[in-house]
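A short worksheet on the structure shown next.
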Amino acid sequence: MQNSIYNMFMKTVLITGANRGLGLGFTKVFLKQGYKVIASCRDPQSANDLISLSRVNPDLYLIKLDVASDSSIVRAVDAVEALELDTIDILINNVGVNSRTINPDADKSRKLIHLDRKVLGQMFDINAVAPILVVKEFLSFLKRSGRAVVVNVTSQRASFNDPEPSAEVNYGYCASKVALNMMVKELAKELAPLQIATFAVHPGSVLTEMNSKGVIAPEQAAENIAKIAEQIELAASGSFLNYDGELFPL
Ligand SMILES: NC(=O)c1ccc[n+]([C@@H]2O[C@H](COP(=O)([O-])OP(=O)(O)OC[C@H]3O[C@@H](n4cnc5c(N)ncnc54)[C@H](OP(=O)(O)O)[C@@H]3O)[C@@H](O)[C@H]2O)c1
């Protein structure tokens, strides 16, 4: 299959944090849409859902990627090179951490009295810094696409005009997603001459481990965002969008 004519026309998507939640939703949706899917996660050997999917989907490739580690990102680039897929048409920076991910007793990492440099730094590192470094390392694959898109999963919590504001305090998550949005705005300037579009998108309230009160199924949320990725024009690059494709209030 590697070099068949059929394969030459298949697009490739790389997803971070593909083992569960929204990332797993993206994996299922893009497989259904006929993409070659590179599903990355911290521990592929224990990613049971991805392993099951890969048994029946020859176009699903599992690679190891911890976005918090520079050497892991570089090793992931080597792993993708070894797949000989040549291009990445869509890169999805899906990984994100919230207070509860860092400390199951969320109040411990949320409230002012408990804040510390380590927890805040970790949140900024994974939510805002890692996505841009992932793009940096995979840029050559994106360039070869001719019309690539980088999707960055942000949150409504990054808006000063959030239509559904939360009463709960969440310094690190909200501020790190604002930082991500600004990274995306700046990234768009450098990617435009390379014919690569990028945007930040709020996925809605999605039922995952991060959000046990979510109302949208991960696959539905992934489908909404996949539609935006396929339609986005370079002129709209750098925007903060809602999952329906409309601009999110800043
Ligand atoms: N759910 C919602 O309602 C909602 C709303 C707004 C925005 N979002 C955003 O949507 C994205 C996905 O969230 P989710 O709800 O699917 O969260 P989730 O269920 O907590 O999943 C998070 C994913 O990120 C992975 N991850 C965490 N740290 C990582 C690292 N250092 N390297 C690689 N992978 C790492 C996790 O892998 P492990 O299994 O290895 O921990 C997991 O696959 C996030 O950016 C989140 O901020 C979600």
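The values are calculated or read from the model by the stated rules, or taken from the named source; none is laboratory data. All values reported here derive from a predicted model rather than from experimental measurement. Cβ: placed from backbone, ideal geometry, glycine included. Neighbour counts: every protein chain shown. In case anyone asks, the SASA skips ligands and DNA or RNA and just uses the protein heavy atoms, side chains included. Shrake-Rupley method; radii C 1.70, N 1.55, O 1.52, S 1.80 Å.
Quick notes on this one:
- Carbon and sulfur %, accessible surface of the chain computed with the full protein complex present, 1.4 Å: 53 percent
- Over 19 Å (Cα to Cα) - which of Lys28/Lys143; Lys32/Lys143; Lys11/Lys32; Lys32/Lys64 fall in this group: Lys28/Lys143; Lys32/Lys143; Lys32/Lys64
- Sites Val215 and Ala192 - FRET efficiency at Förster radius 41 Å, r taken between beta-carbons, to 0.05: 0.70
- Kyte-Doolittle at least 0.0, axis length at least 15 Å by Cα - qualifying DSSP helices, the chain: 21-32, 70-83, 130-143, 171-191
- For the chain, accessible area per residue (1.4 Å probe, heavy atoms of protein chains only), Å²: 50 Å²
- Zone residues, region 213-241, relative to Arg147, backbone N less than 11 Å from point 7 Å out along Cα-to-Cβ: 230-234
- Environment charge of Ala106, counting only residues whose C-beta is closer than 10 Å and scoring Lys/Arg +1, Asp/Glu -1: +1
- Share antiparallel - DSSP beta bridges, the chain, percent rounded to 5: 5 percent
- Convex hull volume per residue in cubic angstrom - Cα atoms of region 124-238: 114 Å³
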